Amino acid sequence: DNPLTMEDLINGGTISEEAADYLINAVKQKKNIFMSGGTGSGKTTLLGILGNYIDEDERVVTIEDSAELNLSKIKNWVRLEITTIKDDSTATVSGDGEITIRRLIKTALRMRPDRLIVGEVRGDEAIDMLQALNTGHAGSLSTGHANSSKDMISRLETMVLYGLDIPIQAIRGQIASALDIIVHLSRMKDKSRKVIEISEITGMDNGNIVMEPVYLFEGDVKGGKAVGELKNVQK
């Protein structure tokens, strides 16, 4: 079972060659990249493909719900997987039978990884991930469920608020300094998957996170097919 490659995504029209090169370079430059999108939009696929552009000598820890990522070319790859309680026999009073993503992020940081890859962030583990990214784990990758890049930022804010009662400005500051690039993917009406936005997070302005689009999908649905291209809007 051969995993998909970036060439497959380019040939299939998911991403343009120029945008693919931009993301590959961002991985090599150790930018923190967050993939957002709906169910079946191809977030995890892109995460796995980008993960394979990490230098094979780096120490990488991946945290997933279920093992999907394949980073076999990385020599020092540690794979952590969450466990959920199937029945009461494995759980202790304190709930120790369940190993959450939050616990695994804390465990992963003790392993001194060069990079951290979190399959999907969906709860209060967002706090630990953002803190990890802000304390020197450059070049980390993750995904989240959202309808747009802006929606992903709002969802991250909400996730942090689930587990921490701190001012929204402080949360936004953490997000702005932790994330460099947001890639938004969408499953189109014709069932094709497209990268429809790549934006850089450039900082804060009047208490809001500033995102500068670099690539935007410009197109339409014609004859049931998504027709268009991912354009560099900074040229």
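The values are calculated or read from the model by the stated rules, or taken from the named source; none is laboratory data. Quick caveat, the model's predicted, so the values are computed rather than measured. As a convention, Cβ positions derive from the backbone with ideal geometry for all residues, glycine included, and neighbour counts pool all protein chains shown. These accessible areas exclude ligands, DNA and RNA; they are computed on the full protein's heavy atoms, side chains included. Shrake-Rupley method; radii C 1.70, N 1.55, O 1.52, S 1.80 Å.
For the reader, a short list of remarks on this structure follows.
- Scope region 148-179; condition touching a helix residue (DSSP H, G or I) at 6+ places or on another chain (Cβ under 9 Å) and not in a helix (DSSP H, G or I); matching residues: 164, 166, 179
- The residues in region 104-118 that are under 22 Å from residue 171 (Cβ atoms) and not in a helix (DSSP H, G or I) can be counted, and the count is 2.
- For region 129-147, a residue qualifies if it is touching an Asp or Glu at 6+ places or on another chain (Cβ under 8 Å) and part of a strand (DSSP E or B), and the qualifying residues are 142, 143, 144, 145.
- Flag if residue 63 is surrounded by fewer than 16 Cβ atoms within 10 Å (Cβ to Cβ) and either within 30 Å of residue 226 (Cβ to Cβ) or at pLDDT 90 or above (or both): no
- Which numbered condition residue 223 misses (of (1) without any contact (Cβ under 8 Å) to a residue 60 or more places away in the chain; (2) closer than 27 Å to residue 123 by Cα): (2)
- Residues satisfying the criterion are present in region 83-103 (criterion: open to solvent by less than 50 Å² (accessible area, probe 1.4 Å), outside any loop (DSSP other than H, G, I, E, B) and at pLDDT below 90).
- Residue 17 vs. criteria touching a helix residue (DSSP H, G or I) at 6+ places or on another chain (Cβ under 8 Å), surrounded by fewer than 17 Cβ atoms within 10 Å (Cβ to Cβ) and either on the phi > 0 side of the Ramachandran plot or acidic (Asp, Glu) (or both): yes
- Search result, residues across region 26-82 that are outside any loop (DSSP other than H, G, I, E, B) and among the charged types (D, E, K, R): 28, 43, 59, 64, 79, 81
- Scope region 95-120; condition under 15 Å from the mean Cα position of the chain (by Cα) and free of Cβ contacts under 8 Å to residues at least 40 places away in the same chain; matching residues: 101
- Every residue from region 20-41 that is within 25 Å of residue 126 (Cβ to Cβ) and either open to solvent by 50 Å² or more (accessible area, probe 1.4 Å) or within 11 Å of the chain's Cα centre (by Cα) (or both): 29, 30, 31, 32, 33, 34, 35, 36, 37, 39
- Scoring residue 47 on the criteria (1) open to solvent by 50 Å² or more (accessible area, probe 1.4 Å); (2) under 28 Å from residue 191 (Cβ atoms) leaves a single failure, condition (1).
- Enumerated strands (runs of 3 or more DSSP E) restricted to region 180-235, each holding at least 2 residues that are surrounded by fewer than 18 Cβ atoms within 10 Å (Cβ to Cβ) and not charged (D, E, K, R): 193-205, 208-222, 225-232
- Of the listed requirements (1) open to solvent by 30 Å² or more (accessible area, probe 1.4 Å); (2) out of contact with any strand residue (DSSP E or B) (no Cβ under 6 Å at 6 or more places or on another chain); (3) at pLDDT 90 or above, residue 126 misses just one: (1).
- Test: residue 199 is farther than 19 Å from residue 125 by Cβ and of a type in the set (Gly, Ala, Ser): yes
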